[in-house]
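Working notes for the structure below.
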Number of protein chains: 2
Amino acid sequence: MVVNVFPTLSSIPDEAINNKTVIVVDVLRATTTITAALAAGCLEVIPVLTPEEAIAMRERLEDERLLLGGERNSLKISGFNLGNSPLEYTPEVVAGKRIIITTTNGTRAISRAVNGSQLLLGAINNATAVARLAAGVGNDIAIICAGTRDYFALEDFLAAGLIIDQLKNYTSFASGDGAQVAWDYYNVNRYQLNKVLKAGFHGRQLIELGFEADIDYCAKVDQVDIVPVYKGGIIKACQDSCSAGS
Amino acid sequence: MVVNVFPTLSSIPDEAINNKTVIVVDVLRATTTITAALAAGCLEVIPVLTPEEAIAMRERLEDERLLLGGERNSLKISGFNLGNSPLEYTPEVVAGKRIIITTTNGTRAISRAVNGSQLLLGAINNATAVARLAAGVGNDIAIICAGTRDYFALEDFLAAGLIIDQLKNYTSFASGDGAQVAWDYYNVNRYQLNKVLKAGFHGRQLIELGFEADIDYCAKVDQVDIVPVYKGGIIKACQDSCSAGS
């Protein structure tokens with residue numbers, strides 16, 4: 001088994017995704033939030049690229065259980081039910097619901113990764129669960145950091161390192177250079193994840209916008225034991241016993 | 001001044017390059033080798049994307065001083081005068097010569113970066129010189145790691161961190177996340193550059209092919225005080241007093 005990390009989304013070679021287990025990471029905040037939503041009892045999450053697509057899909061699906069979530073410039077989109085804060089996605093709000101979500105980087109990363117044999121969503125809040133599931137599948141693993149608009153985002157690289165650290169508990173593998181450096185970076189910072197997230201570019205932006213409590217949540221390891229798994233356009237929760245099959 | 005690092009070549013946003021001082025880094029081995037060649041008295045280096053282009057250009061230019069250099073799969077290209085080893089580019093061989101060079105990752109990275117206001121080549125062997133020159137220009141800086149075929153290459157990220165470490169001696173700047181992480185990575189490894197280079201994917205490949213001495217050279221800080229500067233298709237040496245102008 002080989003594990004590679006791609007620090008930004010852009011132009012990942014097809015061979016790095018095809019027939020691999022792909023883990024998409026967007027710690028601030030899409031993959032954290034989708035994980036939190038599914039852990040709170042949301043039935044499924046449908047990722048789309050644009051707000052217009054989200055609205056059109058809601059009209060087409062005609063289901064009272066549908067909610068629209070996501071952000072542009074980190075803020076809730078006009079007319080949407082929910083923003084991109086994991087703290088909004090409580091059982092009271094999302095249990096039994098279907099959520100159509102669009103975010104700047106996260107949903108774009110998911111759409112890049114759909115040709116993986118398995119497409120899992122990872123973050124700090126479900127690191128152990130996603131590592132355990134990916135190890136169990138047994139394929140090579142590509143961890144794709146969503147980044148911030150094609151720029152490197154340190155929180156995603158840090159989470160990749162954490163997931164790799166957890167993978168070591170479940171399987172043996174060879175690390176590509178990106179995986180090695182991400183793991184090194186995590187090891188240096190493992191006792192200060194919160195501080196590191198708040199010092200990053202996106203973290204500082206979110207604090208300015210009043211979302212510091214989101215970062216506190218996003219920086220906490222293993223809040224939930226759920227892995228969001230994307231199949232055929234829909235993300236559902238996969239707990240340990242599920243199949244992430246292709 | 002803002003400094004960003006792009007850990008792989010692929011799909012860097014245009015805004016990150018236009019009007020910036022771009023430093024292309026391909027430690028193993030293109031930018032190290034081009035730097036070594038110019039330090040050894042080579043007049044200029046002309047980077048091209050393919051061996052066919054190199055051969056056609058030699059025919060077109062009809063200059064007895066021309067040599068062809070470069071690699072495919074790390075090995076000298078059939079019919080070429082030189083491979084991609086910095087140790088081949090001695091004054092005896094290259095002084096007074098013009099070299100047309102093509103390499104798998106390095107020349108591709110250069111061609112991606114030509115829209116920078118300045119395009120400098122950096123490596124471990126000229127880290128201080130390139131940092132000093134870039135700081136003197138005063139523009140925002142984008143350090144582009146060539147990587148290995150769209151995969152993260154740890155040696156380039158490490159050199160980016162070293163160049164950032166040197167930049168701190170010459171100017172003050174804000175670090176993007178990639179720059180921050182590269183600097184952190186360098187700091188953890190600053191006393192073991194050689195060991196880290198040999199442990200990376202490309203380093204291990206080069207050792208297998210018999211190029212361990214190349215890595216020893218490529219890992220040595222500030223062997224030369226020259227910065228290769230690309231302008232209008234040609235790379236020339238720029239020492240401290242030169243202008244890297246746009």
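The values are calculated or read from the model by the stated rules, or taken from the named source; none is laboratory data. Just so you know, these numbers come straight off a predicted model, no measurement behind them. Methodologically, a virtual Cβ is constructed for each residue, glycine included, from the backbone with ideal geometry; neighbour enumeration extends over all protein chains shown. Surface accessibility is based on the protein's heavy atoms, side chains included, excluding ligands, DNA and RNA. Shrake-Rupley method; radii C 1.70, N 1.55, O 1.52, S 1.80 Å.
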Please verify whether A:ARG108 is within 14 Å of chain B (Cβ to nearest Cβ) and either in a helix (DSSP H, G or I) or under 28 Å from A:GLU208 (Cβ atoms) (or both), treating the condition exactly as stated. yes
How many residues are out of contact with any strand residue (DSSP E or B) (no Cβ under 9 Å at 6 or more places or on another chain), more than 30 Å from A:GLU88 (Cα to Cα) and surrounded by 21 or more Cβ atoms within 10 Å (Cβ to Cβ) when one looks only at segment A:168-209? 1
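Please indicate, with yes or no, whether at least one residue in segment B:42-60 is of a type in the set (S, T, N, Q) and open to solvent by less than 30 Å² (accessible area, probe 1.4 Å).
No, because not a single residue in segment B:42-60 is of a type in the set (S, T, N, Q) and open to solvent by less than 30 Å² (accessible area, probe 1.4 Å).
Looking at the structure I just gave you, is B:GLU59 away from chain A (no Cβ under 14 Å) and over 19 Å from the mean Cα position of the chain (by Cα)?
The answer is yes for B:GLU59.
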May I ask you to say which residue of A:LEU197, A:LEU193, A:LEU158 is of a type in the set (A, V, I, L, M, F, W, C) and under 14 Å from the mean Cα position of the chain (by Cα)? A:LEU158
Report, by residue number, each residue of segment A:114-151 that is touching a Phe, Trp or Tyr at 6+ places or on another chain (Cβ under 8 Å) and among the hydrophobic types (A, V, I, L, M, F, W, C). A:VAL114, A:LEU119, A:LEU120, A:LEU121, A:ALA131, A:ALA135, A:ILE141, A:ALA142, A:ILE143, A:ILE144, A:CYS145
Kindly indicate the residue of segment A:13-30 that is touching a residue at least 40 places away in the same chain (Cβ under 8 Å) and open to solvent by 10 Å² or more (accessible area, probe 1.4 Å) and also farthest from the other protein chains (Cβ to nearest Cβ) among those meeting that condition. A:ASN19
Please go through (1) open to solvent by 10 Å² or more (accessible area, probe 1.4 Å); (2) away from every other protein chain (no Cβ under 14 Å) for A:VAL2 and return the number of the only condition it doesn't satisfy. (2)
Any chance segment B:210-222 includes a residue that's open to solvent by 20 Å² or more (accessible area, probe 1.4 Å), in contact with a Leu (Cβ under 8 Å, 6 or more places away or on another chain), of a type in the set (Phe, Trp, Tyr) and more than 14 Å from chain A (Cβ to nearest Cβ)? yes
Checking B:ASN73 against (1) open to solvent by 20 Å² or more (accessible area, probe 1.4 Å); (2) at pLDDT 95 or above; (3) closer than 20 Å to B:ALA213 by Cα; (4) of a type in the set (S, T, N, Q), which test does it fail? (2)
For the condition of a type outside the set (Val, Ile, Thr), over 28 Å from A:VAL5 (Cβ atoms) and over 20 Å from the mean Cα position of the chain (by Cα), what is the one hit in B:LEU43, B:LEU66? B:LEU66
What's the total number of residues in segment A:130-155 that are assigned to a strand (DSSP E or B) and farther than 14 Å from A:HIS202 by Cα? 4
Residue tally, condition in contact with a Cys (Cβ under 9 Å, 6 or more places away or on another chain) and either open to solvent by 10 Å² or more (accessible area, probe 1.4 Å) or charged (D, E, K, R) (or both), over segment B:94-141: 5
Restricting attention to segment B:1-29, which residues are among the β-branched types (Val, Ile, Thr) and under 19 Å from B:VAL227 (Cβ atoms)? B:VAL3, B:VAL5, B:ILE17, B:THR21, B:VAL22, B:ILE23, B:VAL24, B:VAL25, B:VAL27
Restricting to segment A:128-171, name every residue that is more than 14 Å from chain B (Cβ to nearest Cβ) and touching an Asp or Glu at 6+ places or on another chain (Cβ under 6 Å). A:THR128, A:ALA129
Would you mind stating whether B:ALA113 is among the aliphatic types (A, V, I, L, M) and either more than 18 Å from B:ASN18 (Cα to Cα) or in contact with a Lys or Arg (Cβ under 6 Å, 6 or more places away or on another chain) (or both)? no
